[in-house]
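Values quoted throughout were computed directly from the atomic coordinates according to the rules given, and no laboratory measurement underlies them. On a predicted model such as this, the values are computed, not experimentally measured, just so you know. Please note: Cβ atoms are built from the backbone with ideal geometry, for glycine as well, and neighbour counts cover all protein chains shown.
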Amino acid sequence: MLRSPRAFASPLFLLLLLSVFGWAPLLDGGYFLQAHDAAHSLFWLVEFDRGIRDGFLWPRWAADHVLGYGYPLFTFYAPLAFYIAEAFHLLGAGIGTAVKLTWGLAFVLAGVTMYRFAARLWGQTAGLVAGLLYLYAPYHLVNLYVRAALAEFVAMALFPWVLHAFWDVLTLGGWRRAAWAGLSLGLTLLTHSVTLLVFPPFLVALVLYGLVTEGRGRARRAFAEVTVAGLLAGGLATIFLLPALAESGYIVQTQWLPETYRYERQFVYFFQLFDFTWGFGHALPGPDDGMSQQIGLWPFLLGLAALPLLCKRPLKHGRILVGFAVAALIAIAGTLAISQPVWAVLPPLALIQFPFRLLGMVNLFLALTAGGVVATLLETVPERRPILAVLSLALVLASYPYTRPQHTPLDERHQSPVAIIDFELAYPDMRGSTAFAAGPPATTPKLAAYLAGEPLPLAGIIAGEGEVESVRHGGGSARVRVRAFTPVTLQFYTYWYPGWRATVNGRPVPIRAEGPDALITLDLPAGEHEVSIRFANTPLRTAAGVVSLATLLIILFLLIRPINHEDTKKQRDANTVNNTKNNCFI
């Protein structure tokens, strides 16, 4: 069926049209490899893809890290963004193209989710303004083209969906909506590890505030539903959260917090919040950062600065708008040194590393605040379309200079396992280490073969006499043939870590960690043997997976159960009001 011309004049269509200026640079044939984590976004997908192709539905091991010893990367790094990129890759896109498609999808999704939530509260005018402000917020573009923080960028696209879902639970209720809220939050927790420390505290505070201000008529039922939603989110994310917490002592965590990553050295200076200087460098101790840490002029002017104009105007959902404004102010304070006592009394916050990450929360709540403010101020204007069109263009043009990445050529080496080796040789402090090893290795038996593009030696004999032939190197497995002239001790050039299992000629055998690098070691009798190792689940990881699967089934059951027609009527009435209120185009 052909679309009505009015559909192409809708605020959502205009939002999608104006989003092009933000994601169009992704169409370039190269990549922005000079961006901070750009190389990671490529070679981590290489590792994730190797795990998937090795038969792991939930990959946890990155086989080529630590100069080939491997590392349990995806046990501690939330993987949802790489599942999205992997889907594009399995459909035929190359590694670089798959990652760029993920960037583009997340960019558009951020605008759509913000549009839908702001429109749900204050109408389509608010949705358009909030969506554009969120898309073109400087920190949103920093995460894309300066930091190349893929997982954090994808998580930002989900934040408005989570707020929208929990708002519907508070105001409309129903177990179906609780299931949507649990699903949205659970997926967010599976997207970015640091998000666990940044977003949920704000969400909990706003939900409690909403229970008091918006859900008083059904507070008890609403509290039960949001609690169930939270439990569903936690259950869905258990497959990642439980092993990450339980196994945190198995790795050297101090490697994640080098001196330059300590929050005490990374607080934002107040003037930087309004400094429009743009750069592609890093955040440094002191005021001379190489990257922008600004709020953005339009979010501030249309949000916090314009808020007093509403003092004498009636505003729908005015209390929650004030809540968003206060949340933005708290997030701003959290980026500044005045908040250091709070950081100091909450040690887990150190894992956030950079206080400027709270700018994501600032952008989120200022976009919502500004959407409500602008929609209310324009409500009494007879002809609003020209004003909104000019404003929309101004919002895009203000950030357009920030959408120019530093494009670089992209070759096959950047999209292969050797890219990890190149990175770790350039940045030796970034080599991981398990708690069982004496420290990160200076070299490994695999290094020369990686650099020469030759087949990797997977294992060697450290006691006795014999020969070893490499057969297969997978994303979480390895196989060799051994001709042992005498009883031998075989050592795989792979870190030992809980979960590794070995078989000799198809039969399980015990293994141990041995040597300063704590490598997988086992004993063999004389003779010919086929020896395999594979990274299997521990009982705890299996239990975590069962919990997440059971939770997903519960969510699906709640989503497909028969619809309560009264709930449907309430939702339809709410949508009708919000689709007509402040609609400047239809």
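Between Glu514 and Gln34, the C-beta separation translates, for a Förster distance of 45 Å, into a calculated FRET efficiency of about 0.65.
By its C-alpha gyration tensor, with a ≥ b ≥ c as the square roots of the eigenvalues, how is the range 334-463 shaped: rounded for a/c under 1.5, else prolate for a/b larger than b/c, else oblate?
Details: a/c = 4.66, a/b = 2.00, b/c = 2.33.
It is oblate, given that a/c is not under 1.5 and a/b is not larger than b/c.
Only the Cβ atoms of Lys and Arg (+1) and of Asp and Glu (-1) were treated as charged; on that basis the dipole of the chain about its Cα centre amounts to roughly 2620 debye.
By the helix-only formula, in which each DSSP H run with n ≥ 4 contributes -39500 (n - 2.57) and the sum is divided by residues, the chain has a 222 nm mean residue ellipticity of -15500 deg cm²/dmol.
Placing a pseudo-label 7 Å from each Cα along the Cα-to-Cβ vector at Ala543 and Thr503 gives an inter-label distance of 2.7 nm. Here's the picture: charge each Lys and Arg Cβ at +1 and each Asp and Glu Cβ at -1 in the range 1-148, and of Leu57, Pro25, Ala93 the one pushed furthest to the positive end of that dipole is Pro25.
Under a model in which nothing but the beta-carbon of Lys, Arg (+1) and Asp, Glu (-1) is charged, the range 434-536 shows a dipole of about 360 debye around its Cα centre. Proximity of backbone amide H atoms, modeled 1.01 Å from N, is registered between Trp500 and Ala536 at under 5 Å, excluding neighbours fewer than 5 places apart on the same chain. When Val468, Val268, Val169 are arranged by Cβ crowding within 10 Å, least crowded first, meaning fewest neighbours, the order is Val468, Val268, Val169. Centroid-to-centroid, using Cα positions, the range 508-534 and the range 27-45 are 37 Å apart. Extending 7 Å from the Cα toward the beta-carbon at both Ala536 and Leu346 defines two label points whose distance is 4.1 nm. Annotation: amide H-H contacts under 5 Å for Tyr493 (H modelled 1.01 Å from N, sequence separation of 5 or more, or interchain): Ala459, Gly460. Distance between the modelled labels on Leu91 and Arg472, one decimal in nanometres: 2.9 nm (7 Å Cα→Cβ projection). Among Tyr269, Tyr77, sorting on how many other beta-carbon atoms sit within 10 Å of each Cβ, with the fewest leading, yields Tyr269, Tyr77.
The C-alpha atoms of the chain define a longest principal axis, and helix 385-399 lies at about 30 degrees to it. Less than 5 angstrom separates the built amide H of His65 from those of Gly70, Tyr71, all sequence-distant by 5 or more or on a different chain. Take every pair of alpha-carbon atoms less than 8 Å apart whose residues are at least six positions apart; their mean separation over the length of the chain yields a relative contact order of 22 percent.
Which of His192, His164, His282 has the fewest other C-beta atoms within 10 Å, and how do the rest follow up to the most?
Numbers: His192 25, His164 21, His282 13.
Result, fewest neighbours first: His282, His164, His192.
I'd like the distance between the alpha-carbon centres of the range 59-108 and the range 122-177, rounded to an integer number of Å. Cα centroid of the range 59-108 versus Cα centroid of the range 122-177: 23 Å apart.
Residues of the range 140-154 with amide nitrogen under 11 Å from the 7 Å Cα-to-Cβ point of Gln406? Answer for the range 140-154: 146-147.
Between the range 322-339 and the range 413-462, the alpha-carbon centres lie 43 Å apart. Lysine pair count for the chain with Cα-Cα distance under 28 Å and sequence separation of 8 or more or different chains is 6. Treating r as the C-beta distance of Glu454 and Leu197 and R0 as 41 Å, the FRET efficiency rounds to 0.45. Counting only alpha carbon atoms, the long axis of helix 219-236 and the longest principal axis of the chain meet at about 30°.
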